[in-house]
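This report refers to the structure that appears directly beneath it.
The values are calculated or read from the model by the stated rules, or taken from the named source; none is laboratory data. On a predicted model such as this, the values are computed, not experimentally measured, just so you know. So basically every Cβ, Gly included, is an ideal-geometry build from the backbone, and we count neighbours across all protein chains shown. For the accessible areas, the whole protein counts, side chains as well, though only heavy atoms, and no ligand, DNA or RNA atoms are used. Shrake-Rupley method; radii C 1.70, N 1.55, O 1.52, S 1.80 Å.
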Amino acid sequence: SYGASFQSKNQYISEEINEAFKENPYDPTLVDKRLVTDAAIEGQSTAFPKCDELNDWFKSVGKAAMDQGLEYVSWYTPSGSLIRQEDREPVTKKVTTHAMGGGGYRKLNSTKDEMGRIELSVQVGWGDVKANKAATALGANFTHSLDADVIQGAANSFEGDFFLVHDCIYGLATDMDDMCQNIRDSFHRVVSVDTLQNLIATNGLELEAAAKGDGDLSECTESNHMFS
(Lines give C-alpha, C1' and ligand atoms only; values in the text may rest on other atoms or scores of the structure.)
Protein backbone atom coordinates (compact mmCIF):
# COMPACT_ATOMS: atom_id res chain seq x y z
CA SER A 1 0.00 0.00 0.00
CA TYR A 2 3.03 2.29 0.20
CA GLY A 3 3.59 2.54 -3.55
CA ALA A 4 6.02 -0.35 -3.95
CA SER A 5 6.78 -1.51 -7.47
CA PHE A 6 4.95 -4.50 -8.92
CA GLN A 7 8.14 -6.53 -8.54
CA SER A 8 8.43 -5.68 -4.84
CA LYS A 9 4.77 -6.42 -4.16
CA ASN A 10 5.10 -9.72 -6.00
CA GLN A 11 8.11 -10.62 -3.85
CA TYR A 12 6.40 -9.71 -0.56
CA ILE A 13 3.26 -11.70 -1.36
CA SER A 14 5.28 -14.69 -2.61
CA GLU A 15 7.23 -14.72 0.65
CA GLU A 16 3.97 -14.74 2.61
CA ILE A 17 2.72 -17.67 0.52
CA ASN A 18 5.91 -19.61 1.24
CA GLU A 19 5.51 -18.90 4.95
CA ALA A 20 1.85 -19.97 4.92
CA PHE A 21 2.68 -23.34 3.36
CA LYS A 22 5.93 -23.95 5.23
CA GLU A 23 4.39 -26.70 7.40
CA ASN A 24 1.95 -27.87 4.71
CA PRO A 25 2.69 -30.65 2.22
CA TYR A 26 1.21 -28.53 -0.58
CA ASP A 27 3.98 -26.93 -2.65
CA PRO A 28 2.64 -23.91 -4.60
CA THR A 29 4.01 -23.55 -8.12
CA LEU A 30 5.16 -20.31 -9.74
CA VAL A 31 1.84 -20.23 -11.61
CA ASP A 32 -0.08 -20.58 -8.33
CA LYS A 33 1.90 -17.72 -6.81
CA ARG A 34 1.44 -15.49 -9.85
CA LEU A 35 -2.34 -16.01 -9.80
CA VAL A 36 -2.47 -15.01 -6.13
CA THR A 37 -0.09 -12.04 -6.39
CA ASP A 38 -1.84 -10.62 -9.47
CA ALA A 39 -5.23 -10.95 -7.77
CA ALA A 40 -3.98 -9.32 -4.56
CA ILE A 41 -2.29 -6.38 -6.32
CA GLU A 42 -5.22 -5.77 -8.67
CA GLY A 43 -7.70 -6.16 -5.82
CA GLN A 44 -5.91 -3.57 -3.71
CA SER A 45 -6.01 -1.02 -6.55
CA THR A 46 -9.70 -1.73 -7.19
CA ALA A 47 -10.67 -1.47 -3.52
CA PHE A 48 -8.51 1.57 -2.71
CA PRO A 49 -8.09 3.69 -5.87
CA LYS A 50 -7.34 6.83 -3.85
CA CYS A 51 -4.39 5.03 -2.27
CA ASP A 52 -2.90 4.53 -5.74
CA GLU A 53 -3.47 8.20 -6.55
CA LEU A 54 -1.70 9.28 -3.38
CA ASN A 55 1.20 6.90 -4.03
CA ASP A 56 1.59 8.36 -7.52
CA TRP A 57 1.61 11.85 -6.02
CA PHE A 58 4.40 10.93 -3.58
CA LYS A 59 6.41 9.47 -6.46
CA SER A 60 5.99 12.71 -8.41
CA VAL A 61 7.29 14.70 -5.42
CA GLY A 62 10.33 12.45 -5.03
CA LYS A 63 11.06 12.60 -8.76
CA ALA A 64 10.67 16.39 -8.83
CA ALA A 65 13.12 16.73 -5.93
CA MET A 66 15.69 14.56 -7.72
CA ASP A 67 15.15 16.41 -11.04
CA GLN A 68 15.89 19.63 -9.15
CA GLY A 69 19.29 18.22 -8.17
CA LEU A 70 18.57 17.63 -4.48
CA GLU A 71 20.52 14.87 -2.74
CA TYR A 72 17.66 14.04 -0.41
CA VAL A 73 13.99 14.77 0.16
CA SER A 74 13.27 16.69 3.39
CA TRP A 75 10.20 17.47 5.45
CA TYR A 76 9.16 18.51 8.95
CA THR A 77 6.83 16.48 11.13
CA PRO A 78 4.04 18.37 12.97
CA SER A 79 6.14 18.35 16.17
CA GLY A 80 9.05 20.02 14.34
CA SER A 81 11.44 17.13 13.67
CA LEU A 82 13.41 17.48 10.43
CA ILE A 83 13.38 14.25 8.40
CA ARG A 84 15.73 13.62 5.49
CA GLN A 85 15.37 10.71 3.09
CA GLU A 86 18.59 9.83 1.29
CA ASP A 87 18.95 6.73 -0.89
CA ARG A 88 22.32 6.07 -2.52
CA GLU A 89 23.89 3.33 -4.58
CA PRO A 90 26.26 1.25 -2.45
CA VAL A 91 29.88 1.12 -3.58
CA THR A 92 31.18 -2.42 -3.37
CA LYS A 93 34.51 -4.16 -3.77
CA LYS A 94 34.72 -7.75 -4.97
CA VAL A 95 36.85 -10.18 -2.98
CA THR A 96 37.67 -13.72 -4.10
CA THR A 97 38.39 -16.19 -1.30
CA HIS A 98 37.85 -19.79 -0.27
CA ALA A 99 37.17 -21.65 2.96
CA MET A 100 40.14 -23.47 4.46
CA GLY A 101 40.08 -27.27 4.46
CA GLY A 102 37.59 -27.50 1.63
CA GLY A 103 34.73 -26.16 3.76
CA GLY A 104 32.10 -23.70 2.67
CA TYR A 105 30.69 -20.42 3.89
CA ARG A 106 27.15 -20.63 5.22
CA LYS A 107 24.34 -18.14 4.68
CA LEU A 108 26.27 -16.01 2.21
CA ASN A 109 25.04 -14.88 -1.16
CA SER A 110 27.99 -15.90 -3.27
CA THR A 111 29.08 -17.16 -6.66
CA LYS A 112 31.32 -20.23 -6.86
CA ASP A 113 33.63 -20.91 -9.79
CA GLU A 114 35.19 -24.18 -10.95
CA MET A 115 38.07 -23.84 -8.47
CA GLY A 116 35.76 -23.85 -5.45
CA ARG A 117 36.49 -20.23 -4.67
CA ILE A 118 33.77 -17.81 -3.61
CA GLU A 119 33.43 -14.26 -4.87
CA LEU A 120 31.96 -11.85 -2.31
CA SER A 121 30.95 -8.21 -2.67
CA VAL A 122 31.84 -6.04 0.33
CA GLN A 123 30.31 -2.59 0.70
CA VAL A 124 32.99 0.08 1.11
CA GLY A 125 31.01 3.30 0.74
CA TRP A 126 28.20 5.13 -1.01
CA GLY A 127 27.87 6.41 -4.55
CA ASP A 128 25.30 8.38 -6.51
CA VAL A 129 21.77 9.11 -5.35
CA LYS A 130 19.18 6.50 -6.41
CA ALA A 131 16.57 8.73 -8.03
CA ASN A 132 14.02 5.94 -8.61
CA LYS A 133 14.27 4.75 -5.01
CA ALA A 134 13.86 8.31 -3.74
CA ALA A 135 10.54 8.44 -5.57
CA THR A 136 9.13 5.01 -4.68
CA ALA A 137 10.23 5.06 -1.01
CA LEU A 138 8.89 8.51 -0.16
CA GLY A 139 5.28 7.52 0.57
CA ALA A 140 6.32 4.87 3.08
CA ASN A 141 9.00 6.96 4.80
CA PHE A 142 6.74 10.02 5.02
CA THR A 143 3.91 7.96 6.54
CA HIS A 144 6.22 6.27 9.06
CA SER A 145 7.55 9.65 10.20
CA LEU A 146 3.99 10.74 10.99
CA ASP A 147 3.36 7.44 12.79
CA ALA A 148 6.39 8.19 14.96
CA ASP A 149 5.10 11.71 15.63
CA VAL A 150 1.75 10.29 16.81
CA ILE A 151 3.51 7.95 19.26
CA GLN A 152 5.90 10.68 20.38
CA GLY A 153 3.05 13.06 21.16
CA ALA A 154 1.08 10.40 23.03
CA ALA A 155 4.10 9.34 25.11
CA ASN A 156 5.12 12.90 26.01
CA SER A 157 1.64 13.75 27.29
CA PHE A 158 1.10 10.55 29.29
CA GLU A 159 1.87 10.29 33.00
CA GLY A 160 2.35 6.65 33.84
CA ASP A 161 4.52 3.59 33.27
CA PHE A 162 4.77 2.18 29.74
CA PHE A 163 7.28 1.08 27.15
CA LEU A 164 7.34 1.13 23.36
CA VAL A 165 8.28 -1.48 20.79
CA HIS A 166 8.17 0.00 17.28
CA ASP A 167 4.51 1.03 16.92
CA CYS A 168 3.16 -0.87 19.96
CA ILE A 169 2.65 0.59 23.43
CA TYR A 170 2.64 -1.65 26.48
CA GLY A 171 1.43 -0.55 29.89
CA LEU A 172 -0.82 -1.39 32.82
CA ALA A 173 -4.35 -2.48 31.98
CA THR A 174 -5.67 0.21 34.32
CA ASP A 175 -3.86 2.90 32.28
CA MET A 176 -4.72 1.82 28.75
CA ASP A 177 -7.97 3.77 28.40
CA ASP A 178 -6.08 6.98 29.16
CA MET A 179 -3.20 6.02 26.86
CA CYS A 180 -5.57 5.22 23.98
CA GLN A 181 -7.20 8.62 24.39
CA ASN A 182 -3.76 10.24 24.33
CA ILE A 183 -3.00 8.45 21.06
CA ARG A 184 -6.32 9.55 19.53
CA ASP A 185 -5.64 13.15 20.52
CA SER A 186 -2.09 12.97 19.17
CA PHE A 187 -3.32 11.40 15.92
CA HIS A 188 -5.82 14.21 15.51
CA ARG A 189 -3.04 16.76 16.09
CA VAL A 190 -0.91 15.19 13.35
CA VAL A 191 -3.59 14.74 10.68
CA SER A 192 -4.93 18.26 11.26
CA VAL A 193 -1.67 19.78 9.95
CA ASP A 194 -1.16 20.31 6.22
CA THR A 195 1.83 17.97 6.05
CA LEU A 196 1.64 17.51 2.26
CA GLN A 197 2.03 21.24 1.60
CA ASN A 198 4.89 21.24 4.10
CA LEU A 199 6.62 18.51 2.09
CA ILE A 200 6.36 20.57 -1.10
CA ALA A 201 7.55 23.82 0.51
CA THR A 202 10.50 22.29 2.39
CA ASN A 203 11.98 21.02 -0.88
CA GLY A 204 11.24 24.23 -2.81
CA LEU A 205 9.01 22.47 -5.35
CA GLU A 206 6.28 23.97 -7.51
CA LEU A 207 3.64 21.25 -7.23
CA GLU A 208 0.02 21.07 -6.19
CA ALA A 209 -0.71 19.12 -3.01
CA ALA A 210 -2.69 15.92 -3.34
CA ALA A 211 -6.45 16.40 -3.07
CA LYS A 212 -7.95 15.75 0.35
CA GLY A 213 -11.02 13.66 0.99
CA ASP A 214 -14.11 14.80 2.86
CA GLY A 215 -13.65 12.74 6.02
CA ASP A 216 -14.54 14.43 9.32
CA LEU A 217 -11.26 14.38 11.26
CA SER A 218 -12.91 15.82 14.36
CA GLU A 219 -14.39 12.38 15.05
CA CYS A 220 -10.91 10.89 15.55
CA THR A 221 -10.74 11.90 19.19
CA GLU A 222 -14.10 10.33 20.05
CA SER A 223 -13.91 7.04 18.12
CA ASN A 224 -13.57 3.98 20.36
CA HIS A 225 -12.50 1.98 17.31
CA MET A 226 -9.24 3.93 16.95
CA PHE A 227 -6.25 2.64 18.92
CA SER A 228 -8.18 0.32 21.19
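With the highest mean first, a sort of the peptides 19-32, 131-144 on other beta-carbon atoms found within 10 angstrom per residue produces 131-144, 19-32. A simple spin-label model places the labels of LYS133 and SER8 1.0 nm from each other, with each point 7 Å out along Cα-to-Cβ.
Applying 0.36 nm per residue to the separation of HIS144 and GLU16 and subtracting their alpha-carbon distance, the gain on full extension is 43.9 nm.
Please give the Cα centre distance for the stretch 180-194 versus the stretch 8-68, rounded to the nearest Å. Between the Cα centre of the stretch 180-194 and that of the stretch 8-68, the gap is 29 Å. Take the Cα of GLN123, go 7 Å toward its beta carbon, and the backbone nitrogen atoms of the stretch 132-154 under 19 Å from that spot belong to 132-138, 141. Within the listed set GLU206, GLU53, GLU119, the Gaussian network model of the chain (springs between alpha-carbon atoms below 10 Å) gives the highest mean-square fluctuation for GLU119. Net charge within 14 Å of GLY127 by Cβ-Cβ distance, Lys/Arg positive one each and Asp/Glu negative one each, not counting GLY127 itself? Net local charge, GLY127 excluded: -1.
Please check: in the Gaussian network model of the chain (C-alpha springs, under 10 Å), which one of VAL91, VAL193, VAL61 has the largest mean-square fluctuation. Checking each option, the largest mean-square fluctuation is seen for VAL91.
Label-to-label distance for THR92 and ASP56 is 3.5 nm, based on points extended 7 Å past Cα in the beta-carbon direction. Taking a ≥ b ≥ c as the square roots of the eigenvalues of the Cα gyration tensor of the stretch 139-228, is the shape rounded (a/c under 1.5), prolate (a/b larger than b/c) or oblate? It comes out prolate by the Cα gyration axes. Within the straight-line cut-off of under 17 Å between alpha carbons, the lysines reachable from LYS94 are LYS112, sequence neighbours fewer than 8 places apart in one chain being disregarded. The modelled label-to-label distance between LEU35 and ASN198, using points 7 Å beyond Cα along the C-beta direction, is 4.7 nm.
Full extension of the chain between ALA211 and LEU172 yields a length gain of 10.0 nm, computed as 0.36 nm times the residue separation minus the alpha carbon distance. Of the trypsin sites (Lys or Arg not before Pro) found in the stretch 155-228, those that fall in a DSSP loop while having at most 13 other beta-carbon atoms within 10 Å are LYS212.
Only aspartates and glutamates eight or more places from LYS9 in sequence, or on another chain, were considered; those with a Cα closer than 14 Å are ASP38, GLU42, ASP52. Normalised Debye scattering of the chain at q = 0.07, 0.09, 0.13 Å⁻¹ gives log10 I(q)/I(0) of -0.37, -0.60, -1.07, counting only Cα atoms as equal scatterers and leaving out solvent. Computed from backbone phi with θ = phi - 60° and the Karplus coefficients 6.51, -1.76 and 1.60, the 3J(HN,Hα) list for the stretch 189-204 is 4, 5, 6, 7, 8, 7, 5, 5, 5, 4, 4, 5, 5, 4, 9, x Hz; x is used for glycine and proline.
On full extension, the segment bounded by SER1 and TYR72 gains 23.3 nm, given 0.36 nm per residue less the C-alpha separation.
Averaged per residue, the stretch 1-74 has 68 square angstrom of accessible surface, using a 1.4 angstrom probe with ligands and nucleic acids left out. Here's the list of lysines a cross-link from LYS130 could span, going by alpha-carbon distance under 18 Å and ignoring same-chain residues fewer than 8 apart: LYS59, LYS63.
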